[in-house]
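The structure appears right after this line, and notes come after that.
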C-alpha cells in the first residue's frame with residue numbers, strides 16, 4: 001500500500017533531517033568560533049609584539065641618552081679643565097692661581113660624579129671601554145698632580161712644556177676613549193633599530209599569515225553555510241512541492257469519490273425505479289387480474305388477503321419511488337437541472353412548509369451532467385441546511401448564466417449565523433464539490449441577517465470531449 | 001359495437017402481460033399490438049392505426065414522450081395514454097406537451113387504465129388521482145405563497161366553460177359545435193383565457209385545469 005511506504009520514507013527523512021540539523025549546528029558553531037578565536041589571537045599577538053618593540057626601544061634609547069649625557073659632561077669638563085690648568089700654569093698672581101686650583105677640583109668632582117652616575121647604567125659591551133676611560137682619566141689627573149703643587153717660579157719655567165708634553169696628550173687620550181664609547185653607543189642604537197625593524201618584519205609576516213588564514217577560513221565557512229542554506233531551501237521547495245502534489249491528489253481522489261458516489265446513486269436510483277418499481281407495479285396489475293378472476297363471494301378471506309397484498313405492494317412502490325428520488329431525482333438525468341431543482345423545492349416546501357422560490361430563467365437542458373449535478377447537490381444541501389437550522393420562511397434559489405459563467409445563489413431570510421466562526425453544516429462538502437468544477441464558493445451570513453450562499457462556476461461546453469471525460 | 005383497438009408499449013414483459021390480461025378482460029377492448037420499445041411502438045402504430053396507444057415513458061431506443069409526439073403527429077385521431085412510474089409534474093407536463101391525453105401512474109394502472117382509455121376515446125383527458133392530487137397541492141401552495149389573487153377569478157363564466165372543454169382535450173371546432181359559437185369566437189376566447197391565466201399553450205392549460213381540480 002502506497003500510504004505505508006510513504007510514512008516509512010518520511011520517518012527516514014525526518015531522522016536524517018534531525019541528524020543534519022545537529023551536525024550543521026555543531027559545524028557552524030565550530031567554524032564561526034574558530035574564526036573569532038583566530039582573529040582574537042592575532043590581535044593579542046600584535047599587541048604583545050608592539051609592546052615588546054616599544055619597551056626594547058625605550059630601554060636602548062634611555063641607555064644611549066645616559067651614555068651620551070655622561071660623555072658630553074665629561075668632554076666639556078675635560079675641555080674646561082684643560083683651559084683652567086693652562087690659566088693656572090701661566091698665572092703669576094697666586095690668589096688667582098689658587099682660585100683656578102679650586103675650580104679645577106670642582107671640575108674633577110663633577111667629572112667623577114658623572115662617571116659614577118653612568119657607571120650604574122653602563123651596558124655590558126661598554127664595560128672595558130668604561131674601565132679604560134676611568135684609567136685614562138686617573139692617568140690624566142695623576143699626571144697633573146705634581147704641577148699643582150708648583151711655585152709660581154716653577155710654573156713659569158716648566159709650565160708650557162708640561163702642558164704640551166703631559167697634560168694635553170693625556171687629555172686627548174681621555175677624549176678618544178670617550179669618543180669610542182659614544183660611537184659604540186651609536187652602534188648599539190643602530191643595532192636596536194635594525195632589530196626592531198626585523199621584529200616588525202616578522203610580525204608583519206605573521207600578521208599576513210593570520211589574515212590569509214582568517215580569510216580562507218571565513219571563505220570556507222561562508223561556502224559551507226551558503227551551500228547548506230541552498231540545500232535547505234531546495235529541501236523546503238521540494239517538500240512544498242510534495243505537499244502541493246499530495247493536496248492535488250487528495251482533491252482528485254475526493255472528486256473521483258464524489259463522482260463514483262454519484263454514479264452509484266444514479267445506478268441504484270435507476271435500478272430501484274425501473275426494475276423494482278416496475279416489478280411491483282406489474283405485481284399490482286397481476287394481483288388485480290387475480291382478484292378479478294377469483295370468485296369473491298365464495299372466498300371472502302381470500303379477497304381480504306389479496307387486498308392486503310395489494311396495499312403492501314402499493315406502499316412498496318411508493319417507498320421505492322421516494323427512495324429513488326431521494327438518491328438522485330430522475331428528472332436530473334431526463335430533463336436537466338431546472339426540473340430537478342423545481343422538484344427539490346416542492347419537496348422541501350411540502351416537508352417543511354418553508355416557501356422555496358426557484359428562478360432559473362434561460363437555463364437549458366444542455367448543461368453538462370457534472371455541472372448540473374454539482375449545482376443540484378449544492379442547492380439540495382443548502383436547502384437541507386435552511387430546513388434544519390435557519391428557521392427561514394422563504395428561500396430563494398437562483399441560477400443565472402452569463403456568458404461562460406454560471407451563478408447559483410441560495411438566499412434565506414432565516415436567523416443566520418456567524419460565517420467567520422461556524423463551518424460545518426455541510427458547507428465544506430459544498431465547497432469541495434464546487435472546487436472540483438473549478439468554481440468559487442462563498443457563504444455570507446450574520447446572526448439575524450439570513451444566509452446567502454454564492455456559487456460561481458465556469459460553464460463547460462458540452463461537446464464530445466466533455467462527454468468522453470464524464471465516462 | 002366495435003371494440004377499442006389498443007397498442008400497448010412497455011419494455012417490461014411481465015407488466016405488458018398483466019396489462020394485456022386486464023384489457024382483454026374488458027368486453028369493449030382488444031390489444032392489437034404490443035411493443036417493447038418506442039421505435040417499435042411507432043412502427044406498430046403505423047401498421048395498425050390503433051384507437052388508443054398506451055405508452056410507458058422509460059423505454060429503450062425511443063422514450064415514451066418522444067414516441068407519443070411521433071404517434072400524435074402521424075395519427076391525430078389516436079389519443080395517447082402515458083403509463084409511467086414518474087409522478088413529478090415535469091414528466092406530466094412534458095407528456096402533455098408531447099400530445100398525451102392521459103397520464104397514469106403504473107401503480108394505479110389496475111384501477112385507472114380502463115377509465116382512462118374510455119375517457120380518451122371519448123375525447124377527454126384523464127389523470128391518476130395521485131397525480132392530480134400532487135399537482136393540485138402544489139398549485140394551492142404556490143397561490144398561497146405568492147399571496148396573489150387566484151387568476152381563475154378573472155375568467156368570465158363563458159371562458160370557464162370553454163376552459164373546461166379545452167382542458168378535457170376537445171378541439172376548437174368541437175367546442176364551437178358544442179356551444180353553438182363560431183370557430184373564430186372560440187379562438188378569441190381561448191386567447192383571452194391563456195392571457196388571463198399567464199399560460200402559453202393548451203398543455204399548460206390542461207395542467208392548470210388539473211391543478212385547479214377543474215378536470216380529473
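We did not get these values from a lab; they are worked out from the coordinates using the rules stated. Just so it is clear, the structure is predicted and the values come from calculations on it, not from any experiment. Counting neighbours? That spans all protein chains shown, and the Cβs are built from the backbone with ideal geometry, glycine included.
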request  = Relative to the longest principal axis of the C-alpha atoms of chain B, give the angle of the C-alpha long axis of helix B:202-212, reported between 0 and 90° and rounded to the nearest 10°.
outcome  = 80 degrees
message = Assuming 0.36 nm per residue, please report the length gained on full extension of the stretch residue A:440 to residue A:30 beyond their Cα-Cα distance.
response = 142.2 nm
request  = Just need the relative contact order of region B:149-212 here, percent rounded to a whole number, with Cα pairs under 8 Å and 6+ apart.
outcome  = 41 percent
query = So what's the angle, to the nearest 10 degrees on a 0 to 90 scale, between helix A:152-162 and the longest Cα principal axis of chain A?
reply = 60 degrees
query = Can you give the angle from 0 to 90° between the axis of helix A:2-90 and the longest principal axis of chain A, with both taken from C-alpha atoms, to the nearest 10?
reply = 10 degrees
GNM result for chain B, Cα springs below 10 Å: residue of B:26, B:40, B:70 fluctuating most strongly = B:26
ask   = Using the 10 angstrom Cβ neighbour count as an exposure proxy, how do A:435, A:24, A:102, B:87 rank, fewest first?
value = A:102, A:435, A:24, B:87
Prolate/oblate/rounded call for region A:2-229, Cα gyration tensor, a/c under 1.5 rounded = prolate
ask   = Which values, in whole Å and largest first, are the semi-axes of the equivalent ellipsoid of region B:149-212 obtained as the square root of 5 times each eigenvalue of the Cα gyration tensor?
value = 18, 12, 10
query = Which FRET efficiency value, to the nearest 0.05, is calculated for residue B:32 and residue B:118 with the Förster distance at 25 angstrom and r the Cβ-Cβ distance?
reply = 0.90
remark   = With 0.36 nm assigned to each residue of separation and the Cα-Cα distance removed, residue A:232 to residue A:187 gains 9.6 nm
key: Separation of the residue A:312 and residue B:214 label points, Cα + 7 Å toward Cβ, nm   = 4.4 nm
request  = Compute the separation of the alpha-carbon centres of region A:190-211 and region A:268-347 and state it in Å as a whole number.
outcome  = 113 Å
inquiry  = Explain nothing, just the number: relative contact order of chain A, from Cα pairs under 8 Å at least 6 residues apart, as a whole percent.
reply    = 10 percent
Ranking of A:226, B:140 by count of other Cβ atoms within 10 Å, fewest first = A:226, B:140
inquiry  = Tell me whether region B:4-132 comes out rounded, prolate or oblate; compute the Cα gyration tensor, take square roots of the eigenvalues as a ≥ b ≥ c, and use a/c under 1.5 as the rounded threshold.
reply    = rounded
remark   = For the pair residue A:47 and residue A:59, the simple spin-label estimate (label points 7 Å beyond Cα toward Cβ) gives in nm 2.2 nm
key: Mean Cβ count within 10 Å, highest first, over the residues of peptides A:363-373, A:244-254   = A:363-373, A:244-254
note = If R0 = 60 Å, then residue A:197 and residue A:143, at their Cβ-Cβ distance, give a FRET efficiency to the nearest 0.05 of 0.85
note = With a Förster distance of 25 angstrom and the Cβ-Cβ distance between residue A:106 and residue A:151, calculated FRET efficiency to the nearest 0.05 equals 0.60
ask   = Tell me, what is the percent relative contact order of chain B, built from C-alpha pairs under 8 Å that lie six or more residues apart?
value = 15 percent
request  = Please state, to two decimals, what the Cα-based radius of gyration of the protein assembly as shown comes to when divided by 2.2 N^0.38 Å (N = residues).
outcome  = 2.42
message = Can you tell me what share of the DSSP beta bridges in the protein assembly as shown is antiparallel? A percent to the nearest 5 is fine.
response = 45 percent
